[in-house]
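Trainee: Below are the C-alpha cells for one structure; questions will follow.
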Amino acid sequence: MADYVRFTEDMIKTHTILVPNMLPVHFRLLMAIFEHQGYKVELLENDSRAVVDEGLKNVHNDACYPALLVIGQFMDALNSGTYDPNTTALMITQTGGGCRASNYIHLLRKAVAKNYPQVPVVSLNFSGLEKDSAFRITAPMFLRLLYAVLYGDLLMTCHNKCRTYEINKGEAKAMLDKWQKRLGDIFRRGSREYLKTKKLYRAILDDFASIKLSDEKKIRVGIVGEIYVKYSPLANNHLEDFLLSEGCEPVVPSLLEFVMYCASGTFTDAEFYDNKNTQSRIYKLGYKLIYSKQKELIKIMKEQGSFEPLHDFEHLRKLADKYISQGVVMGEGWLIPAEMAALAQSGVDNIICTQPFGCLPNHIVAKGMSRAIKENNPNANIVAIDYDPGATRVNQENRIKLMLANAKRV
Amino acid sequence: MANKLSLGIDVGSTTVKTVIIDSDGNILYSKYQRHLSRVKETVTDQLKLIQADYPDEEFTVCITGSAGLGLANSAEIPFVQEVHAAFLAVKNKQPDADAVIELGGEDAKIIFLTGGVEQRMNGSCAGGTGAFIDQMATLLGITADELDELSLRAQKVYPIASRCGVFAKSDIQPLLNQGARREDVSASIFQAVVDQTVSGLAQGRTIEGKVLFLGGPLHFLKGLQNAFVKTLGLDEEHAVFPEDGPVFVAYGCAVYAAQSGDSWHIIDILNKIKNAKASDDIVTGEPLFRSHAEYDEFIERHKKCDLGYADIRTYKGDAYLGIDAGSTTTKLVLITDDGRILFHYYSSNQGQPLDKIAEQLKTIYEAMNPDITIKGSAVTGYGEDLIKAGLSVDHGIVETVAHFKAAAYFCPDVDFIIDIGGQDIKCFRIKNHSIDSIMLNEACSSGCGSFIQTFAMALGYNIADFSQLGLFAEHPVDLGSRCTVFMNSSVKQAQKDGASVEDISAGLSSSIIKNAIYKVIRANSPDELGRNIVVQGGTFLNDAVLRSFEKELGRDVIRPAISGLMGAFGCALYAKERSTGGSALISKDELAKFAYTSRNIQCGGCTANCQLNVISFGKGRNFISGNRCEKGGGKAKKNNVPNLVEYKYSSILALEKTGQPVRPIGKVGLPLALSFYELMPFWHALFTELGFEVVFSGESSREMYYLGQHTIPSDTVCYPAKLTHGHIEDLLDKGADFIFYPCMSYNMDEGGSDNHFNCPVVAYYPELLLRNNPRLNESNFIHPYMDLNIRKNVVRVMKESLKRFNIKGKVAAAVDKAYAALDRYHRDIAKKADDIIRQAREENRRIIVLAGRPYHIDKEINHGIHKLVTSLGMAVVTEDSVASLAHTPKLGVLNQWTYHARLYKAAEFVTTQPDMQLIQLVSFGCGIDAVTSDEVRSILESKGKLYTQLKIDEINNLGAARIRLRSLVAAMEGSASADTGRRAQGEQNG
C-alpha cells in the first residue's frame, strides 16, 4: 500500500510529465526550465465539470478543494485518452509543514494506484524530499526557477494593471505573450541571458509602460488567500476576469512573497524554539540571497516608476508582527494578514480573501485576523470567499458584489 | 413635466417584489409574491400587472436580489446588490436606525449604521433562513404560518443547532420522535434562526439602539419577531417592524433606479426580460430513459420482486406485526405465517409517530378477522424506544438488522444493501451471510429523501408527480453531490439558467445517488459493491432515483416492491422467528383507552442536568428521553462497566483541587479546552510549583458555548475550537490575573511518525482568541510560542513570559516537575487502560477503543457517546492509552501529527486483539480527519476488523450514534456466528 511507482532515470526520456497549471503567467516559464533540463513536460489546462467530478470520485470529499481539483484534473486528463498511461508521469508540489497540503501527493498516489498503477507521481519540492526520484532540483536549476518567479511576478503585475486600463483591448495580453515567449526561449535554450536582470526588467517595464492607458478611476481589489485558490482560475472561478468585468483592477500579490514566506519559516522556527543549527543558518543565507534579488527588482520598478513595486518582504514581516506571530507557519500562515495589511496600507482597501471551504489555517490567519486588520485600517473592506465543489458561482459573486457596493459607497 | 417614476424589482431566492416610487420617494405601488422558482415568469407576470396600471408612463428601473443578478445581466437592466439597496432604503425611510436585520429566503444580512457602517451577509454555508423555516415546517407537516401560531404557545425552548438547516433537522427530528411538544419545537426553530443571525453575522459587534427588521419572514412571523426582540433585549421603541418590510429592499432598489438616467416604458422592460437569454452554463447529463419502451421494460423487471398478499378480513391463523418508526415516516406491516402481507401502511409521521402508529393499530384491529392471532411484534427505527414502551411491542431491534433480514428474504445471496430513507442513507456490505461493514451518511449529507420532498413541495408538486417528471427529462441538470444546502443553491442557479422542472427533478435524483455512492459508500467503481445489490427505503420507490442508481452503477439492482416497507417487514420476520407463541402487544381494548401526556423536567441525577421529556402512558408507565446516561432513564441500576474516558476526564478535573500554593503570587487561568485536555498535568504542575493559584475554566456545556459565541469569527471551524471561546469568557469572569494559553506548532514527539505537528487550529488558536475577544490583551492573555520537546526552549520562554513575577530562578526546576507530572499522568492512564482491559476480559466483555483526540473526552464534545458504549455492556479505552502497545503500520499518507499518529497505532493494536473494535470519533469540520479516517479504515479492514466512524458536532444526536453502535454490536455478533456455522443464514432465510 505504502509503496509507489518511482520516477526512474529511463523515464526522463520516455515519459511526459503532466503539470497542473496553477499560475498561468509563471508556470510557462517554469516549464521552459524543466525542458532545458531534458524533461518532457506539459501544462494541464482542462477545466470542464469532469475535473470536479473526478476529484469527488477519487478524493475524500472533506479533503481541501485544491487537492480535489488537482487530482481531478489529473484523472480527467488520464481518462481522456490523450496521454498513454505507460509513458505519462504526474507532477505535484509538496510543501511539508503542518497543513493538510503536505498530504496531496499521497492522496494523489492513492487515487492513481487505484486507476493507473503504472503512472509515477513526481514530487516538486525544495526540501530534498523523495531523494530516490529521478526528478531533481539542482542548485543551478533552483536559481533559474527563482528568476522565473521574479520575471513571472513582474509580468503578472504589469499585465494586471495594463489589462485593466488599456485603451486598445488586447494590447496587454499581446505584450504578455511576447515576453512569455521571449523569456521562455531564454530558459529553454539554457542561455545565461536571464541573469541580465537590469536590462530585462527595464525592458519589460518600458514595454508595458508603452501601452496606452485610460486615466479612468477604477476600484482596486486585492486578492489574497490560500495559494492555489488565490492564483488558479480553475479554482477561483476566474476571479480576476470577473473583477475586470465588474470594472475593477485586480491586484494580486506576487508569488515570490509565498516563496520567501516558506524560506523564512525554515530559520525562524529554529529561532523561536532555540533550535539553531548549521542547516538553519544555511537556510537563512539562502533567504538573504532571495531577498537581495527581490530588492533589486523593487528598486528597478521604483526607478522606472510606471508600476507599483512588489511588497518588500522585510516590510511584510514587520507588518505581520502587528497582528500575528511569525511562528504561525502552517498553510499561508502569517503571510495572509501581512498581505492584507500591506494592501490596505498601499490604498488597496478592498480585499478578497479566497479560501477552500473549511481550510484549517485560514480559520486563524484569514477570518481570525480580519477584525484586527479592520480596526487598524478603518477603510479596509474585506470579504472572505469560500471555494468548494458545491459552492455556486452566483453565491460567490453576490458576496463580491456586496463588497464592491461597499467600496463604491466609501 | 410628468412625475418621474422609478421601478425597483427585487428577485429573491423565493419571492419577487416590485415597488414603484415617484420622484419624491413615495411608494405608489408594491407587490410581494412567491415565485416558486419560476423566476422569469413571475417577474413577467408582475410587470404585466404594472403595465395594466401604468401603460404609458416611463420608468427608470433596477433589479436587485440574489436571484436577480443573472436576470439583470442577460436582460441588460441595471443591478444593485441587495444589501446596498437595503442600505439606501433605510437611509431614506428610517434614517435614525442604528442597525438593520434582514432575513430573506436564503440570505441573512445585517447592516450596522452607526459607529462605522458595515454591511454583512451570511457565508455560503450558513443555510437558509426563510427557506430553512419552510423546510422545518414541512418536517412538521404544517405551513410556516401554522408553525408561527404554534410557537406563540411554547413553554420552553430546546437548543437546536443553528449553523445549517441540515444540522438543525438532526436536532429537531429526535425531539419530535421523542414526543416533544410541537409548540416548543416551533419556538426552538425560531430561536435557532435568531442565534444564527446574532452569532454568525454580528460576530462580536453588539446589535443595539434602534433596530429595523426587514424581509418576508420577519414581517409575517410573529414568533420570529418575538424571539429577536427578546434575545436582543429591545423595547417597542427600538424594535421597528415597518409596514412595508417585505418590499423594503425593492423600495431601495427603486431609489437606486431613480438616480440612474435611462427610462423605458413597461412594454420595453417586459421585452427585455422576455428576451433575456438563459445562460448556457448548466451542465447536463444523459436522460434517464430514452423511450417509453425502455421505461416499460424497467417497470416489468422490477415488478418481479413482490410479495404475496392475503386478505386481512378472511385470513385465519397466526400473524406477525412489524413496525418501522422512521425519522420522518411510519411503516407497518402485518404478515402471515408464510410471509404474505395482510396489511401495510406507509406515511409521513408528521412529527407524531406514536399517534400515527396507535391509529393504524386500531385500523388493523378493526379490520382483522377474529381468527387471526398476532403472535409476535417488533419495532425498529428512531422511535423504537417510545413505540416499544407505549404500545408494549415485544421486540426492539436495530434498523440495520431489520433491513438485512428483509433483504435476505428477497435475495439470499445479497452482497450489498443500500437503504435511502427520509433522512438517512444506510448501506451495508454483506460477507459470509452477515453484516460486514456499515456505512451511514454523516450529518452533512443527510436529509436526502426528505430533501426531494421539501423541494417538490416548494415547487408546488407532490413528491410522486415531481419525480415522475424527471423520468423523461431530456437534459437532466448536473447538480453535484454535496450537502442539501448547497444543492439548494445549485438548483436555484440551474433554474435561473433556464433549466426546466423536469431537468431539475432528474438532476435531484441523480444527486442523491451520487451522494450515496461517492460520499457515503465512497466507492470508486460499481464492482466494489458486489454483484447482488438490494435497494430499499422509501426514496427508491421513486423510479427516477432507482434508474439513476442503476445508470450510475451500470448494472441492474433488486428493488422489492415493498421497498419502503423493508424495515417493517424485517421486523415482522424477526418477530416471527422469536415468537414464543404469544405477544404482549397492546390489546384492542387497551388501545381504545390509550392516551398519554408529555411533560418536561430537568434531571438532577448529575451535573449534566439533562432536559428530560417524560411521556406517561398511565398506570405509572413512563417513557423518558433526553437523558444521556441511564440515570435519567428512570433505571436505578448503576452501570459498572469500566470506562477510561470517564477516568481521564475526572483525573484532569481533579487536578484543580490539588497542589495549590498557600500564599499564591498570582492567579493563572487555564482553559479546559483543546490541547489542555492532554497537557493540563504539565501546566498545572508548572504553575503551582511556581507559586501560582491555578483556576480552570468550568466544564463545557451548551451554555458555555453560547457564552463565547459572539467572539467566533469563523463558524465553520470545529466545535471543540468554538467551545474555547466560552472557556475564555468564563476565565475572565473568574477574575484570573492572566490566562495562559501557549501556541505550539509542534506537539510531543512520540516516535514512529514522520513529524509531530499539532493541527493548525490546535497550534494557533490563541492568536485568533486574542484578536477576536475584545476583553483580551497582551497582558492578560499570555500566549507564547514554544516547543515542548526542547526543554531549554520551554525554560527560556516561560522565564520571558512570567518576567513581571520575578521568579526567574524557579522556572527550570518547575519545568522539570511539569515534565515529571505529565509523565506520571501518561503512565497512570496506561495502567488504568491495562486494568480496564483485564477486568473486561474477566467479565467477558467486548472492548471498544474510542479513538479521537484528547479533547474528545469533553462531555459537551462527545455528547456522552462513551456512556452509550458502556450501556451496551462494552468496556471503553482510549486511543492514547493503547497507542504505545503497537508499532505504526505501513501507511499511504504522511504521518505528521502527533494526535493522529496515535490513531494509526491504536488501529494497528486493535487488529491484534480479537475482543476489541475501534470507533473513531471525528469532529465535524476536521479537515485532517479527511486524511486519517480513510487510513484508519484501511488498517482495520485489511485485518478483518470493522470500521465505525461517528461524526460529532454541536448537535446532540445520540439517536444516530445509538443505531451505529447497536449495528456494530449486531455485526460483531454476526461475524462471530459466521465463523462457527451458518446459523445466521438459516435465521435470515427463515
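Where a number appears in this text, it was derived from the coordinates with a stated rule and is not lab data. Computed from a predicted structure; not experimentally measured. Methodologically, a virtual Cβ is constructed for each residue, glycine included, from the backbone with ideal geometry; neighbour enumeration extends over all protein chains shown.
Trainee: Please work out the FRET efficiency for the pair A:HIS36 and A:GLN279, using the Cβ-Cβ distance as r and a Förster radius of 25 Å; give the result to the nearest 0.05.
Mentor: 0.30
Trainee: If you don't mind, there's one more thing I want to ask. Given charges of +1 on the Cβ of Lys and Arg and -1 on the Cβ of Asp and Glu, with all other atoms neutral, how large is the dipole of region A:232-294 about its Cα centre, in debye to the nearest 20?
Mentor: It comes to approximately 580 debye.
Trainee: What average number of partner chain Cβ atoms lie no more than 10 Å from the Cβ of the residues making up B:920-930?
Mentor: Shielding by partners across B:920-930 averages 4.
Trainee: I'd like the distance separating the alpha-carbon centroids of region B:30-61 and region A:269-289, in whole Å.
Mentor: 68 Å
Trainee: Which ³J(HN,Hα) values in Hz, rounded to whole numbers, follow from the phi angles of region A:364-372 under the Karplus curve 6.51 cos²θ - 1.76 cosθ + 1.60, where θ = phi - 60° and Gly and Pro get x?
Mentor: Coupling constants for region A:364-372: 7, 7, 9, 4, x, 9, 4, 4, 5 Hz.
Trainee: Tell me which residues come under 5 Å, amide H to amide H, from B:HIS265 once H is placed; ignore anything under 5 positions away on its chain.
Mentor: When sequence neighbours closer than 5 places are left aside, the close amide H contacts are B:PHE59.
Trainee: Exactly which trypsin sites (Lys or Arg not before Pro) in region A:203-235 are in a DSSP loop and have at most 13 other Cβ atoms within 10 Å?
Mentor: A:LYS212, A:LYS217
Trainee: While we're on this one: Would you mind pulling out the separation of the Cα centroids of region B:1-27 and region B:241-275, in Å?
Mentor: 4 Å
Trainee: Membrane-span-like helices in chain B: DSSP H runs reaching 30 Å or more (Cα, own axis), mean Kyte hydropathy at least -0.5?
Mentor: Qualifying helices, which must be both long enough and hydrophobic enough, are B:958-980.
Trainee: Just to confirm the filter: which GluC sites (Glu not before Pro) across region B:1-85 are DSSP coil and have at most 11 other Cβ within 10 angstrom of their Cβ?
Mentor: B:GLU76
Trainee: What full-extension length gain, to one decimal in nm, is calculated for B:THR44 and B:THR114 as 0.36 nm per residue of separation minus the Cα-Cα distance?
Mentor: 21.4 nm
Trainee: Count charges around B:GLY659 for me, please; just the other residues with Cβ under 12 Å from its Cβ, Lys/Arg as +1, Asp/Glu as -1.
Mentor: Once positives and negatives cancel, what remains is -1.
Trainee: Right, another one. Search the structure for amide H atoms under 5 Å from the amide H of B:LYS431, placed 1.01 Å from N in the peptide plane, and list their residues when 5 or more places away or on another chain.
Mentor: For B:LYS431, whose amide H was placed from the backbone, the distant partners under 5 Å are B:ASP436.
Trainee: Let me make sure I get this right: for chain B, a, b and c are the square roots of the gyration tensor eigenvalues over alpha carbons, sorted descending. Under 1.5 in a/c it's rounded, otherwise prolate if a/b > b/c, else oblate. Which is it?
Mentor: Since a/c reaches 1.5 but b/c is at least a/b, the shape of chain B is classed as oblate.
Trainee: Further, regarding this structure: What value, in deg cm²/dmol to 500, does the helix sum -39500 (n - 2.57) over DSSP H runs of n ≥ 4 give at 222 nm once divided by the residues of the protein assembly as shown?
Mentor: -14000 deg cm²/dmol
Trainee: Let a ≥ b ≥ c be the square roots of the eigenvalues of the Cα gyration tensor of region B:707-840; is it rounded (a/c under 1.5), or, if not, prolate (a/b larger than b/c) or oblate?
Mentor: Because a/c hits 1.5 or more and a/b fails to exceed b/c, region B:707-840 counts as oblate.
Trainee: Rounded to the nearest Å, what's the spacing between the alpha carbon centres of region B:340-357 and region B:526-561? Just the number, please.
Mentor: So the separation of the two Cα centres works out to 25 Å.
Trainee: If R₀ is 60 angstrom, what is the calculated FRET efficiency for the pair B:THR658 and B:SER347, using the beta carbon separation as r and rounding to 0.05?
Mentor: Efficiency, from the Cβ-Cβ distance: 0.50.
Trainee: Once label points are set 7 Å from the Cα along Cα→Cβ at both A:TYR165 and B:GLN468, what is their separation, rounded to one decimal in nm?
Mentor: 6.4 nm
Trainee: By count of other Cβ within 10 Å, fewest leading, how are B:THR64, B:THR15 ordered?
Mentor: B:THR15, B:THR64
Trainee: Next up: Could you list B:LYS405, A:LYS40 so that the one with the fewest beta carbons within 10 Å of its beta carbon is first and the one with the most is last?
Mentor: Taking fewest neighbouring Cβ atoms as first place, the list is A:LYS40, B:LYS405.
Trainee: I've got another one for you. Determine the shielding of peptide B:769-776 by partner chains: average, over its residues, the number of Cβ atoms on other chains within 10 angstrom of each Cβ.
Mentor: Partner-chain Cβ atoms within 10 Å, mean over residues of B:769-776: 3.
Trainee: Rounded if a/c is under 1.5, else prolate if a/b beats b/c, else oblate: with a ≥ b ≥ c from the C-alpha gyration tensor eigenvalues square-rooted, which is region A:65-209?
Mentor: prolate
Trainee: Evaluate E = 1/(1 + (r/R0)^6) for B:ALA592 and B:TYR309, where r is the Cβ-Cβ distance and R0 equals 30 Å; express this FRET efficiency to the nearest 0.05.
Mentor: 0.60
Trainee: Out of region A:164-257, which GluC sites (Glu not before Pro) are coil in DSSP terms and have no more than 11 other C-beta atoms within 10 Å?
Mentor: Here the sparse-neighbourhood loop sites are A:GLU216.
Trainee: Might you report the magnitude of the Cβ-based charge dipole of region B:742-895 about its Cα centre, with Lys and Arg at +1 and Asp and Glu at -1, to the nearest 20 debye?
Mentor: The dipole magnitude comes to about 500 debye.
Trainee: Under a point spin-label approximation (7 Å from Cα along Cα-to-Cβ), what is the B:ASN640-A:ASP3 distance to one decimal in nm?
Mentor: The modelled label-to-label distance comes out at 5.3 nm.
Trainee: Mean projection of the alpha-carbon convex hull of region B:534-578 over all orientations, in nm²?
Mentor: Here the figure is 3.2 nm², rounded to one decimal.
Trainee: Grab the other residues whose beta carbon is less than 11 angstrom from that of B:LYS93, score K and R as +1, D and E as -1, and report the net.
Mentor: My count for the surroundings of B:LYS93 gives -2.
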